[in-house]
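> Okay, here's the structure, questions in a sec.
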Amino acid sequence: MTAVTQDATAPPPASRSFVDVRDLRVAFPTPDGLVKAVDGVSFTVEKGQTLGIVGESGSGKSVSSLAIMGLLAGGSAQITGQAWVGDTDTVAADAETVRKLRGSRIAMIFQDPLSALHPFYTVGAQIIEAYRVHQPDASKKQARARAVELLGRVGIPNPDARADDYPHQFSGGMRQRAMIAMALVNNPELVIADEPTTALDVTVQAQILELLGDLQREFGSAIILITHDLGVIADLANSVQVMYGGRVVETSAVNDLFYRPQHPYTWGLLGSMTRLDRTREARLRPIPGSPPSLIGLPAACTFSPRCAYRGLGGIPCTTERPELVAFEPGHSHACHLPTEERERLFATEIAPML
């Protein structure tokens with residue numbers, strides 16, 4: 001196995017993917033110590049592709065996306081690394097450059113549309129404003145027509161009339177659709193969807209995911225899908241990155257994650273997921289313990305306190321940090337278990353329970 005390098009030097013344009021994040025680190029100073037929310041994250045996404053980022057609450061998923069959007073700049077956050085979107089490194093760029101990118105080339109669908117939408121303005125007015133900020137030559141009439149068009153395309157019935165309604169007059173699913181319309185109004189090249197189906201019933205979840213897939217095919221956008229739900233990942237993502245304690249512990253194509261997972265944390269996530277395609281012989285197994293504190297993370301494997309296989313055969317789980325290594329092309333993991341032992345454990349203990 002070869003180590004996956006975290007090169008922080010500026011990559012030449014010809015070698016960069018459309019989204020190219022390299023060794024991204026985000027820390028927050030607090031009275032109790034430095035919170036390392038994101039600790040050396042790297043990934044790439046091409047246009048027309050979807051990267052799913054999965055992990056428990058506090059794993060660093062949302063903070064990494066906020067850093068890419070430039071929404072942490074100007075605060076107390078300490079941010080290093082690179083986050084290239086096209087030809088712009090949003091970490092190094094000045095605030096005005098990043099502001100112009102947001103809403104035009106980069107857009108975000110937030111987890112709670114009721115909080116993200118302003119309660120004092122109509123849904124249509126907010127989409128119109130998002131359009132005219134980046135299209136200053138557009139008239140109010142043109143901007144309204146664009147807002148109504150997008151509301152219709154995301155499945156809002158009678159969009160011309162509903163554009164004059166306020167967010168509280170929309171259901172949860174319709175508010176999420178309105179957020180998607182606002183995000184896509186300027187045809188962005190990158191859409192970051194942060195838990196876009198949280199708190200929605202399963203029928204509406206399926207509709208939202210289908211809508212995102214349809215719109216991606218139409219607009220050709222790259223999508224970063226942040227979620228704790230592996231079912232959502234299976235529906236929409238092409239590749240997956242599993243995060244734990246601010247670090248990446250596994251990255252692979254979506255099918256490999258479900259059929260050939262390599263990290264014990266990924267095994268735990270899969271073991272705690274319900275299955276509808278077949279009858280499970282065993283009960284769901286929650287991952288024991290709690291996620292680690294991000295203050296003063298040890299140099300060792302951050303998952304080792306919760307891992308049933310720590311120290312197996314004398315491996316240095318509690319003393320050395322495992323590096324992200326390539327198991328095979330396109331599939332990497334950060335685990336000290338030898339390949340042969342890991343495959344044996346998965347075949348004999350994990351796979352029969354999934």
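Please treat every number below as a calculation from the coordinates, not as lab data. This structure is a prediction, so every number in the text was calculated from the model and none was measured. Neighbour counts run over all protein chains shown; Cβ positions are idealised from the backbone, glycine included.
> Report the label-to-label distance for Leu71 and Val325 in nanometres (one decimal), using points 7 Å from each Cα along the Cα→Cβ vector.
Result for the modelled spin labels: 3.7 nm.
> Oh, and also: Using the Karplus curve 6.51 cos²θ - 1.76 cosθ + 1.60 with θ = phi - 60°, what ³J(HN,Hα) values do you get for each residue of region 247-261, in whole Hz, with x for Gly and Pro?
In residue order, the calculated couplings are 10, 8, 10, 7, 9, 6, 5, 4, 5, 5, 4, 7, 9, 9, x Hz.
> In whole Hz, what ³J(HN,Hα) sequence does region 170-181 give by Karplus (6.51, -1.76, 1.60; θ = phi - 60°), x for Gly and Pro?
Per residue, the Karplus-derived 3J(HN,Hα) values read 9, 6, x, x, 6, 5, 5, 5, 5, 5, 5, 4 Hz.
> Can you give the extra length, in nm with one decimal, that the chain gains between Asp160 and Thr318 once fully stretched, where that is 0.36 nm per residue apart less the Cα-Cα distance?
50.9 nm
> Here's another thing I want to ask about it. Count charges around Ala308 for me, please; just the other residues with Cβ under 15 Å from its Cβ, Lys/Arg as +1, Asp/Glu as -1.
The answer is +3.
> I would also like to ask the following. Can you give the extra length, in nm with one decimal, that the chain gains between Ala145 and Asn238 once fully stretched, where that is 0.36 nm per residue apart less the Cα-Cα distance?
Once the chain is fully extended between Ala145 and Asn238, it gains 30.1 nm.
> Taking amide H atoms as placed 1.01 Å from N in the peptide plane, list the residues 5 or more away in sequence, or in a different chain, whose amide H sits under 5 Å from that of Leu34.
Those qualifying (amide H under 5 Å, at least 5 residues apart or on another chain) are Gly296.
> Whose amide H sits under 5 Å from the amide H of Gly52, counting only residues 5 or more places off or on another chain, with H placed in the peptide plane?
Those lying under 5 Å, H to H, from Gly52 are Leu225, Asn238, Ser239, Val240, Gln241.
> Once you keep just the Cα pairs under 8 angstrom separated by 6 or more residues, what percentage relative contact order results for region 109-187?
In percent, rounded to a whole number, it is 44.
> Let me ask you something else. Taking the chain as a Gaussian network, where each spring joins two C-alpha atoms under 10 Å apart, which residue of Asp20, Asp94, Asp39 fluctuates the most?
Checking each option, the largest mean-square fluctuation is seen for Asp94.
> Would you please state which residues of region 44-86 a label at Asn255 would reach in this model, taking the label point 7 Å out along Cα→Cβ and a backbone N cut-off of under 18 Å?
49-52
> I would also like to ask the following. Taking amide H atoms as placed 1.01 Å from N in the peptide plane, list the residues 5 or more away in sequence, or in a different chain, whose amide H sits under 5 Å from that of Ile192.
Answer set, sorted by chain and number: Ala107, Met108, Ile109, Ile224.
> Take Leu284 and Lys100, extend 7 Å from each Cα along the Cα→Cβ direction, and tell me the distance between the two endpoints in nm.
4.8
> For the chain, report the % of Cα-Cα distances exceeding 32 Å.
Within the chain, distances greater than 32 Å cover 34 percent of Cα pairs.
> Lysine pairs in the chain with alpha-carbon atoms under 28 Å apart, 8 or more places apart or on different chains: how many are there?
6
> Mind ordering 289-301, 54-66 by average Cβ neighbours within 10 Å, highest first?
54-66, 289-301
> Taking the chain as a Gaussian network, where each spring joins two C-alpha atoms under 10 Å apart, which residue of Thr227, Thr319, Thr44 fluctuates the most?
Among Thr227, Thr319, Thr44, the largest mean-square fluctuation in the Gaussian network model of the chain belongs to Thr319.
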